[in-house]
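Asker: Here's a structure for you.
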Amino acid sequence: MKKGKTIVIGILVFLVTSVFYREYTLKNNEAKNKEIIENKELVKVENTVETETVAMEKTEAVEMIKEKTVPNKDETAKVTEKKVEESPSTEESALEDLELENKIAKEWEDQEGQELADLENNIDLEEKVVLENMEYVIKKGDTISDLSKEYKIRTDYIYANNIDKNLRVLQIGKKINIPTEPGIFYSVKKGDTFEGLSKRFEVDIKTIKDDNEIDRLLVGAKIFLREPKVSRYLSSFKQEYVKKTNLGTFSNPLMAMSLTSSFGSRKHPVLKKVLNHAGVDLRAKTGTKVVSAREGVVSFAGRASGYGKLIIIKHSDGYETRYAHLSQIDVKKGQKVSQNQHIALSGATGRVSGPHLHFEIRKNGKIENPLTYLKF
């Protein structure tokens, strides 16, 4: 019985102890949780205070900057008075600046002007370098007058630069010379002097020397004469050339000369083949008067195959002329004829595509180019 009581008492003590321990533990946990919450709230408060402090410091800094930047009315007035007192010296400074700007502008203009002058001098030097008697190939429809306008070179200068060629008729494919500057290229001859050339062509001696960069003349050398007088030069050379080649001793077989087919290779208008054309074809309606190009004796007058009605006249120095495709022959074989004497009427006989005059010049049986001899 005593043992049973002891057990009951032990159980009661255990239960009471457990209850007290549980309450103590709960209270202790509540205290810890409260402490944690209070600590969190304290941290929040501290952060808020710190943020507000930074903001206040920034605001104070901005206000201080404004105070430094924006002067008060008294300070503004003082500054204005100071500027008014200093205004005379400011105006003087502005005048000095203006004078300096004008001086610099003038220096720039002077420098620019010098550069332009140097550029013009360089251009002049370049022009002298390209001074030449350029080669030009005659095209269909070309005339000396048109070439003169295109290259801005006078016609007499073109003639003078081609004095050994007959430019009265321009044969397609023929090469001629056109100077790049107004003037002529002259071959120095034995006995020529600067003084003589200057007087003959009316060109200043200094200009001759400067254009050619020479101090003495070499026989056979080509020199350029700028804007010379060439009328007497052309006349004298023409007489010399006629004497050598018989140029000018033949007159035109027609009163009005118009070339329709030139000398040399061509596509035959009837046969449609490329053949050598032994003469020139001149535009002439049927019945146009034909005259002798030079005095001589008629060696043939009649029909001759593709020539149709043909006249052949023998001249001195081994020359002969032929007049073909005639509609009417008005001379006889063995008849003497004078230069420019009427001999026939043009037509369209023989192998032709239309009326015209076929004209030939031969020397010792060799075919010559009539364009070298005729006057157009």
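Asker: What is the one condition in (1) buried (at least 19 other Cβ atoms within 10 Å of the Cβ); (2) outside any loop (DSSP other than H, G, I, E, B) that PRO228 does not satisfy?
Answerer: (2)
Asker: Give me the pairs, please: first residue somewhere in the stretch 206-217 and touching a residue at least 60 places away in the same chain (Cβ under 8 Å) and assigned by TED's automatic domain parsing to the domain that holds GLY183, second residue anywhere and crowded, with 17+ Cβ neighbours inside 10 Å and of a type in the set (Phe, Trp, Tyr), beta-carbon distance under 8 Å, and either six or more positions apart or on two chains.
Answerer: Pairs that qualify, where the first residue is touching a residue at least 60 places away in the same chain (Cβ under 8 Å) and assigned by TED's automatic domain parsing to the domain that holds GLY183 and the partner is crowded, with 17+ Cβ neighbours inside 10 Å and of a type in the set (Phe, Trp, Tyr), are ASP211/PHE224.
Asker: A further question on this structure: Residues to consider are TYR151, TYR159; find the one that is buried (at least 19 other Cβ atoms within 10 Å of the Cβ), under 22 Å from VAL137 (Cα atoms) and hydroxyl-bearing (Ser, Thr, Tyr). Break it down stepwise before answering.
Answerer: Details: TYR151 fails: buried (at least 19 other Cβ atoms within 10 Å of the Cβ).
Exactly one of TYR151, TYR159 is buried (at least 19 other Cβ atoms within 10 Å of the Cβ), under 22 Å from VAL137 (Cα atoms) and hydroxyl-bearing (Ser, Thr, Tyr), namely TYR159.
Asker: Is there a residue in the stretch 307-317 that is exposed (fewer than 15 other Cβ atoms within 10 Å of the Cβ), of a type in the set (Asp, Glu) and modelled with pLDDT under 95?
Answerer: Checked against the condition, which is being exposed (fewer than 15 other Cβ atoms within 10 Å of the Cβ), of a type in the set (Asp, Glu) and modelled with pLDDT under 95, the stretch 307-317 yields at least one hit.
Asker: Could you run through the stretch 307-334 and say how many residues are under 18 Å from THR286 (Cα atoms) and either of a type in the set (S, T, N, Q) or part of a strand (DSSP E or B) (or both)?
Answerer: Looking only at that region, the number is 11.
Asker: Would you call GLU195 touching a strand residue (DSSP E or B) at 6+ places or on another chain (Cβ under 6 Å), at pLDDT 90 or above and surrounded by fewer than 17 Cβ atoms within 10 Å (Cβ to Cβ)?
Answerer: Values: touching a strand residue (DSSP E or B) at 6+ places or on another chain (Cβ under 6 Å): no; at pLDDT 90 or above: yes; surrounded by fewer than 17 Cβ atoms within 10 Å (Cβ to Cβ): yes.
When the stated conditions are applied, GLU195 does not pass them.
The values are calculated or read from the model by the stated rules, or taken from the named source; none is laboratory data. All values derive from a computational prediction rather than experimental measurement. Note that we place each Cβ from the backbone using ideal geometry, even for glycine, and neighbour counts take in every protein chain shown.
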